[in-house]
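The values are calculated or read from the model by the stated rules, or taken from the named source; none is laboratory data. These numbers come from a predicted model, not from an experiment. All Cβ positions, glycine included, derive from the backbone under ideal geometry; neighbour counts span all protein chains shown. Ligands, DNA and RNA are excluded from the accessible area calculation, which covers all protein heavy atoms including side chains. Shrake-Rupley method; radii C 1.70, N 1.55, O 1.52, S 1.80 Å.
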Amino acid sequence: MAVGIVAVEDQERHYGGRITAFVALSCMTAGMGGVIFGYDIGIAGGVSSMEPFLRKFFPDVYRRMRGDTRVSNYCKFDSQLLTAFTSSLYVAGLLTTFLASRVTAGRGRRASMVLGGAAFLAGAAVGGASVNIYMVILGRVLLGVGLGFANQAVPLYLSEMAPARLRGAFSNGFQLSVGIGALAANVINFGTEKIRGGWGWRVSLALAAVPAGLLTLGALFLPETPNSLVQQGRDRRDVARLLQRIRGAGVDVGDELDDIVAANGAAAAGEGGGLRGFLFERRYRPQLVMAVMIPFFQQVTGINAIAFYAPVLLRTIGMGESASLLSAVVTGVVGVASTFASMLAVDRFGRRTLFLAGGAQMLASQVLIGAIMAAELRDSGGVSKAWAGVLILLIAVYVAGFGWSWGPLGWLVPSEIFPLEVRAAGQGVTVAVSFAFTVFVAQAFLFMLCHMRAGIFFFFAAWLAAMTAFVYLLLPETKGVPIEQVAGVWRAHWFWCRVVGPEPDDQARVGRGKL
């Protein structure tokens, strides 16, 4: 049994296309949605470790951090109000996802990006001008509304615009954009922390308006994807002309357009589609499992615990404010570099290879981090500079493993496995599950750190072992498979073929006694 590795038969169609300036510029603009996502993740962790910000909005945390020896190192940042500052963004994103799914399917990917950018701009303005905790959280909520729209639309946009043979690299650009946004946030936090007067946190929060403005303005001029235009009933000749511009002059786009139209025709004929079909029809069962399990596993890697709270975690082990922010910059550089490496490797080595290698690397890192903290960090005092350096190195190794595996692939694989008729619904489920567990991790991490202490890293390590086994057994390879033909990988998989059954035509022939 070749576990998880399949070859899709009967794929006579091979789409043409090259990287045109038109598609590159379109995808770079759409990628601003990822930059904002990463910026919001990175900015929250840095701002929540800044003393002026804590003193103004979270005085109890500030008092514990400044030297209350009655409180354990592991518990100094344990505050549900502080974690609400982080997680409120993702609660709003989760609730917005259901509306965003309908807008993305009915009005197109571009419309969702425009709405998301506008909400980002409003959130940045409110956050930077905050005078009380209610305004701070309102700003995060507005940013979350923006994420609900952007995370719904941008991965779909990238996967549908990209040439089939380079879809992995283009779609991984979303995670690269997330990494760039997080790195920018860490650099800005490191600089604004030094502003005299204690108002640097305002600059950090307000600068989210820069990528938000680029996304909003750029999305107004972006072309819609051919897949979305067909779904909206646009004339085939108009779609053909757009597809020709995207793939390049002289490229035969007939096969690709035929497959897009056929997929849309199946939905229009009532052969499945929409959220109900995606949730309940047998033929979509493998995609439904992946739409739930991949974002779930992506969150229980523990990456958002690191991304949200790296400066807080480093302060927990005894580092100063400036040093902890600088260390977060270093890990941000590692994350961007490893994601770029994934873009180069994913269409050569495949999704499964990167998932398995990255999972093993992250598992080893988490176990070592947990072991060192259990041995070296007590309830009071810090760790030695040598051990602090080792921990920073292990965090960087962990971030690198995520950066070329579960980070980009956690968005790439779900965006490419759904048939057109359920693509928006499937992406909606993926984003909703991602936000739901992001909220859980963001809200629970500091509490878990306080009560589980170093054991929290072994908790994440156990999940890493489980998810690596899941990929090995149940995820087929989709490298190089045209997006409208991905359904074939499930029928060729050793396990999923028993779930989805034969193709409808095969079932009809069985009924006539011809198989």
Taking into account only those residues within the stretch 324-348 that are more than 22 Å from residue 188 (Cα to Cα) and within 21 Å of the chain's Cα centre (by Cα), which is surrounded by the fewest Cβ atoms within 10 Å (Cβ to Cβ)? 344
Test set (1) part of a helix (DSSP H, G or I); (2) open to solvent by 10 Å² or more (accessible area, probe 1.4 Å) - residue 427 fails condition number: (2)
Say whether the condition of being part of a loop (DSSP other than H, G, I, E, B), open to solvent by 10 Å² or more (accessible area, probe 1.4 Å) and out of contact with any His (no Cβ under 8 Å at 6 or more places or on another chain) is met by at least one residue in the stretch 161-184. no
Pair list, Cβ < 9 Å and 6+ apart or interchain, from the stretch 226-253 residues that are acidic (Asp, Glu) to residues that are open to solvent by less than 20 Å² (accessible area, probe 1.4 Å) and part of a helix (DSSP H, G or I): 235/229; 238/229
Residue 418 - would you say it is surrounded by 24 or more Cβ atoms within 10 Å (Cβ to Cβ) and within 25 Å of residue 277 (Cα to Cα)? yes
Here the residues within the stretch 220-243 that are surrounded by fewer than 17 Cβ atoms within 10 Å (Cβ to Cβ) and more than 26 Å from the chain's Cα centre (by Cα) are 232, 233, 234, 235, 236, 237, 238, 240, 241
Among residues of the stretch 22-53 being among the polar types (S, T, N, Q) and closer than 18 Å to residue 225 by Cα, the residue surrounded by the most Cβ atoms within 10 Å (Cβ to Cβ) is 26
Output for the stretch 436-458, where each listed residue is at pLDDT 85 or above and touching a Gly at 6+ places or on another chain (Cβ under 8 Å): 455, 456, 457, 458
For the stretch 190-219, how many residues are open to solvent by less than 60 Å² (accessible area, probe 1.4 Å) and more than 26 Å from the chain's Cα centre (by Cα)? 6
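Just one of 397, 383 is surrounded by fewer than 24 Cβ atoms within 10 Å (Cβ to Cβ) and part of a helix (DSSP H, G or I); which is it? Step through it out loud before you land on a result.
Values: 383 fails: part of a helix (DSSP H, G or I).
Exactly one residue qualifies, and that residue is 397.
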Hits in the stretch 119-130 - residues which are open to solvent by 50 Å² or more (accessible area, probe 1.4 Å) and either assigned to a helix (DSSP H, G or I) or closer than 18 Å to residue 82 by Cβ (or both): 121, 125
Got at least one residue in the stretch 82-91 being modelled with pLDDT of 80 or more, part of a loop (DSSP other than H, G, I, E, B) and either within 17 Å of residue 440 (Cα to Cα) or not aliphatic (A, V, I, L, M) (or both)? no
